[in-house]
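The values are calculated or read from the model by the stated rules, or taken from the named source; none is laboratory data. Computed from a predicted structure; not experimentally measured. For neighbour counting, all protein chains shown are included, and Cβ atoms are generated from backbone atoms with ideal geometry for every residue, glycine included.
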């Protein structure tokens, strides 16, 4: 029984690590958070993804520094910024293939600064829609956004 429990725990931990590494695309570079944010913003818009909202999460939560005390920013992030973006043409294609995948619309990404480097984080739509009829479209969207992220960090 103990051996089976240990084996089960091993598989659960392995699956969690596998899921984490496959569900989020991360690209880092030796630029500031603001440089990375502005650059990926421009790259997305060049690919007809329009940023409809952005928020400086780090600034918003900084007002809780005293209240949260030792629980505030334990990873010492230099900043957290997020953007919400959409491409109407892709939204229409996804809705035609699988309307439930519109849960991904609008898309979002987050830029953090850690140890003096900017990191762009993006949840892969293809991971969420693995069993969807919209998977080919989600993969196309994912590739386009990842290309924008890579171009922004060059």
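Of 104, 121, all but one fail to be surrounded by 16 or more Cβ atoms within 10 Å (Cβ to Cβ), touching a residue at least 12 places away in the same chain (Cβ under 8 Å), touching a strand residue (DSSP E or B) at 6+ places or on another chain (Cβ under 8 Å) and within 20 Å of residue 23 (Cα to Cα); the exception is 121. Residue by residue through region 81-99, note down the ones that are touching a residue at least 40 places away in the same chain (Cβ under 8 Å) and outside any loop (DSSP other than H, G, I, E, B). 81, 83, 85, 89, 90, 93, 94, 97 - these are the residues of region 81-99 that are touching a residue at least 40 places away in the same chain (Cβ under 8 Å) and outside any loop (DSSP other than H, G, I, E, B). When region 100-136 is limited to residues that are in a helix (DSSP H, G or I) and under 14 Å from residue 49 (Cβ atoms), the one that is farthest from the chain's Cα centre (by Cα) turns out to be 104. Considering only region 58-76, I want to know if a residue exists there that is modelled with pLDDT of 95 or more, touching a helix residue (DSSP H, G or I) at 6+ places or on another chain (Cβ under 7 Å), surrounded by 15 or more Cβ atoms within 10 Å (Cβ to Cβ) and not in a strand (DSSP E or B). No, there is no match, as no residue in region 58-76 is modelled with pLDDT of 95 or more, touching a helix residue (DSSP H, G or I) at 6+ places or on another chain (Cβ under 7 Å), surrounded by 15 or more Cβ atoms within 10 Å (Cβ to Cβ) and not in a strand (DSSP E or B). All of (1) out of contact with any helix residue (DSSP H, G or I) (no Cβ under 8 Å at 6 or more places or on another chain); (2) modelled with pLDDT of 95 or more hold for residue 87 with one exception: (1).
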